[in-house]
Amino acid sequence: MDIGTAKPSREEMARAPHHLIDIVNPDETLSLAVFQQKAKEIIADIHARGKLPFLVGGTGQYVRAVTEGWSPPEVTPDERLRKVLETLKDENSPEWLHDKLRVLDPEAADKIDARNVRRTIRALEVTLTTGRKFSAQRGQVESPYHLITVGLIRPREELYRRVDERIELMFASGFMDEVKGLLQKGFPPSLPSMSAIGYREAVRVAKAEWDENQAKVEMRRMTRIFVRRQSNWFKESDPQIHWFHPNQKEEIESYLHSAIISL
């Protein structure tokens with residue numbers, strides 16, 4: 001899943017060591033707790049070598065879990081309950097299932113995309129199994145890290161233009177071949193990984209339900225929603241985040257240099 005995830009190229013990965021890339025197959029689930037543990041182990045190893053780790057990404061939940069010391073609910077998966085919830089989703093819709101979560105736990109529903117069926121089911125599973133809201137079970141301990149947080153920001157219009165350009169580049173770079181190859185290898189569209197923005201739309205093209213233009217329109221719409229959700233995780237008003245435009249390279253380097261020295 002290289003093109004649809006904008007995975008760093010081999011040239012980019014050769015410039016600096018990258019971690020947690022290509023560690024699971026499309027039909028494997030990397031839970032928040034497992035990601036958190038793997039990230040902690042890698043950070044400890046980098047520190048032990050006298051280097052400075054950069055945690056880079058856009059998924060706010062996973063970033064915060066590491067930097068803020070979250071303790072995800074330790075509830076053993078209930079496969080029987082999950083199958084029941086999956087059946088209810090199939091008989092109704094992902095949005096219907098998300099509405100049920102909103103009744104039980106509005107705070108969790110606000111933070112989970114209605115199309116993210118895997119997270120919706122997990123939140124319902126934890127809530128129904130324990131009798132306590134999923135949102136109330138996320139523990140937190142003091143972060144063991146000294147953090148320097150830098151955000152890169154662009155005007156929304158510029159960001160949307162870059163989104164449109166990226167979608168066009170994805171298709172020009174062979175995105176449909178990538179998706180068809182995954183389907184041919186036996187990875188079904190029902191997998192959580194195949195429900196990511198881009199993949200679910202491309203699957204509909206591969207199944208001759210949509211043409212490429214319809215897929216691009218929907219990808220642009222969903223990516224704009226994702227952009228807005230990201231801004232809820234990383235707010236311009238957050239005093240812990242130091243914001244720069246990507247073109248301010250000298251200012252970013254100067255800030256990082258002085259911030260690292262002061263640690």
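Nothing in this text is a laboratory measurement; each read-out follows from the coordinates by a stated rule. This one's a predicted model, so the numbers in the text were calculated from it and none came from an experiment. For neighbour counting, all protein chains shown are included, and Cβ atoms are generated from backbone atoms with ideal geometry for every residue, glycine included.
Each part reduced to its alpha carbon centroid, segment 181-216 and segment 110-167 end up 23 Å apart.
Using a simple spin-label model with pseudo-atoms 7 Å out from Cα toward Cβ, S31 and E253 lie 4.4 nm apart. Computed over segment 148-263, the percent of Cα pairs more than 23 Å apart is 47.
Across the options T67, G174, M1, the greatest Cα extent toward the positive end of the charge dipole of the chain (unit charges at beta carbon of Lys, Arg, Asp, Glu) belongs to T67. Placing unit charges on the Cβ atoms only, positive for Lys and Arg and negative for Asp and Glu, gives segment 132-263 a dipole magnitude near 700 debye about its Cα centre. Just to confirm a number: summing +1 for Lys and Arg and -1 for Asp and Glu over residues other than R154 whose beta-carbon lies under 11 angstrom from that of R154, what do you get? Local net charge: +1.
About its Cα centre, the chain has a charge dipole of approximately 300 debye under the convention of +1 per Lys or Arg Cβ and -1 per Asp or Glu Cβ, with nothing else charged.
Scaled to the globular estimate 2.2 N^0.38 Å, the Cα spread of the chain, given as radius of gyration, is 1.09. Residue separation of D177 and I153 scaled by 0.36 nm, minus their Cα-Cα distance, works out to 5.4 nm of gained length. Split the chain at each of the GluC sites (Glu not before Pro) in a DSSP loop with at most 12 other beta carbon atoms within 10 Å, and the longest piece is 75-141. Once backbone amide H atoms are built at 1.01 Å from N, H242 has T149, V150, G151 as its partners under 5 Å, excluding neighbours fewer than 5 places away on the same chain.
Just want to confirm a number: the relative contact order over segment 148-263, from Cα pairs under 8 angstrom separated by 6+ residues, in percent. Reported relative contact order: 43 percent.
Semi-axes of the equivalent ellipsoid of segment 79-137 are 16, 13, 8 Å, computed as sqrt(5λ) over the eigenvalues of the C-alpha gyration tensor in descending order.
The calculated FRET efficiency for E165 paired with I46, based on their beta-carbon distance and R0 = 41 Å, is about 0.80.
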